[in-house]
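Notes to accompany the following structure.
The values are calculated or read from the model by the stated rules, or taken from the named source; none is laboratory data. Owing to the predicted nature of the structure, the values given are computational and were not obtained by experimental measurement. Glycine gets a Cβ as well: all are built from the backbone with ideal geometry, and neighbour counts include every protein chain shown. When the accessible area is computed, the model is the full protein with side chains, heavy atoms only, and any ligands, DNA or RNA have been set aside. Shrake-Rupley method; radii C 1.70, N 1.55, O 1.52, S 1.80 Å.
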Amino acid sequence: MAETARDRILARLRSAPRAEAPRPLLPAPAAAPDIPARIERLKTRMEAVRADVRRVPAALWLEALKALLRERAWSTLVYAPETPIGMAIEGAWAQDAGGLPELVAYAAPVETFKERLFTVAAAVTSAAGAVADTGALILRPDSREPRLMSLVPPVHIAVLPAQNIYPTLEEAMQTGRWASDMPTNLLLVSGPSKTADIELTLAFGVHGPKELIVFVLE
């Protein structure tokens, strides 16, 4: 059979030396930012979606909380009495409760407490951590601090230690050992509850708190 031009071209291609395929370049891992940088990144991201992020010294967060509550004049504040935050709040109110809202302890089963819960003005809870890159709080509700505390009241106040702010979600998952210690309810919260209708009119507080205030304890 006569050799065709196509056969000659294919033969030359097969006999040509092959260059090694270039290896894809992997980006160098970014150095983890220090805590002040993480705080600022988290604050910027969360405030972009209408969260109120306040940096306060860890030793003065109760005074900052009292100042906020007196300024806003809320009538009631629900808290978890069996948590470190709840115990600290009880102690602070025992010293000086002037101008402060009535404390409402979440210390009963939801079946008997839900009617009271739906009447409180604000709630204060802990935050297990936060993700700076995405601007999200990490909440890990449990039996002492149920999910309804951060879902039902119109104002949610979260207390976040600055050292628990992670640069990325991956680092938060690895450090927190989520793979081996995944709770039944773990939440990422970036701001107040919001939704939009078909005309793109944005509304806050329809499916949860209409206001989120975060105290970052430095």
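Values as computed for the structure displayed
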quantity: One residue from 167, 183 being in contact (Cβ under 8 Å) with a residue 40 or more places away in the chain, in contact with an Asp or Glu (Cβ under 8 Å, 6 or more places away or on another chain) and more than 20 Å from residue 83 (Cβ to Cβ); calculated: 167
quantity: Candidate set from region 108-150 (those that are polar (S, T, N, Q) and out of contact with any helix residue (DSSP H, G or I) (no Cβ under 9 Å at 6 or more places or on another chain)); member that is farthest from residue 81 (Cα to Cα); calculated: 119
quantity: Residues of region 168-181 classified as charged (D, E, K, R) and outside any helix (DSSP H, G or I), total; calculated: 2
quantity: Enumeration of residues in region 91-107 that are touching a strand residue (DSSP E or B) at 6+ places or on another chain (Cβ under 9 Å) and loosely packed, with under 13 Cβ neighbours inside 10 Å; calculated: 97
quantity: Residues being under 19 Å from residue 216 (Cβ atoms), out of contact with any helix residue (DSSP H, G or I) (no Cβ under 8 Å at 6 or more places or on another chain) and open to solvent by 10 Å² or more (accessible area, probe 1.4 Å) - total across region 152-173; calculated: 4
quantity: Hits in region 37-53 - residues which are of a type outside the set (Asp, Glu) and either surrounded by fewer than 17 Cβ atoms within 10 Å (Cβ to Cβ) or free of Cβ contacts under 8 Å to residues at least 40 places away in the same chain (or both); calculated: 37, 44, 48, 49, 50
quantity: Residue satisfying condition, being part of a strand (DSSP E or B), of a type in the set (Ser, Thr, Tyr) and open to solvent by 20 Å² or more (accessible area, probe 1.4 Å), within set 195, 125, 184, 112; calculated: 195
quantity: Members of region 128-151 that are in a loop (DSSP other than H, G, I, E, B) and either open to solvent by 30 Å² or more (accessible area, probe 1.4 Å) or within 16 Å of residue 68 (Cβ to Cβ) (or both); calculated: 128, 133, 134, 140, 142, 143, 144, 151
quantity: Neighbours by Cβ (under 7 Å, 6+ apart or cross-chain): first from region 54-77, part of a helix (DSSP H, G or I); second open to solvent by 70 Å² or more (accessible area, probe 1.4 Å); calculated: 58/218; 64/54
